[in-house]
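Nothing in this text is a laboratory measurement; each read-out follows from the coordinates by a stated rule. Please read these numbers as outputs of a predicted model, since none were measured by experiment. With ideal geometry, Cβ positions are generated from the backbone for all residues, glycine too; neighbour counts draw on all protein chains shown.
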Amino acid sequence: MKGLFILAASVAALSASTAAYAADAVEQIPTAPVAVETAPAFTWEGFYLGAHTGYGWGDGDLEGVGSDNFDGWRLGAFTGYNWQFSNGFVAGIEGDVNYDWNNEDIGADFDAESGFSGSVRGRVGYAFDRTLVYAAGGWTATNVEVNGPAGFNDDDTLHGWTIGAGVDHAFTDKIFGRLEYRYNDYGNGDIGGLDVDFNQHVFQVGVGVKF
């Protein structure tokens, strides 16, 4: 009888110990790790468009008539596409269309002006996170018109090359600002049988949108 009592007591103690261990195991269930969201790294990759304005200092010459400075404001729009590589190198292509308010007298009786212009340029640069420093160059063209005595009026589209450099800085993931210098050599053309040439230095600022 005493043996049965001891056996029963042992079984009860073992059951209580097992229940306590099970309770401790339930209480010690590890919590799931908290997910930490990380913002995607900024990239210049993709399509963009924008508008710019600035001022140009031009030099025009009409054969046998004279030359003068053609300085004035510019307003235009640009669009392009960038490819960004893992080492921060950026390559792209960009086009723009502009209107220049350049109108001056050449000689005593001739008035000349340049108006619409445009370019297609390749770009290479390096991205310091949200700041992109770049150089660009390619083809450019502009229209030049000359008015003179006895109803003389003629115009020609000059084709040449352009080169420059600038800085784009992203204020947000979508909006960026631009500061740029450009030299345009529009080459030579023919106005009423006379040779005309025109080149220009331009400083401009702009704002763009990335997509």
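Here are some notes:
- Low-density loop positions, chymotrypsin sites (Phe, Trp or Tyr not before Pro), segment 63-122 - DSSP coil, at most 13 other Cβ in 10 Å: 85
- Convex hull of Cα atoms in segment 103-201, direction-averaged projection (nm²): 7.4
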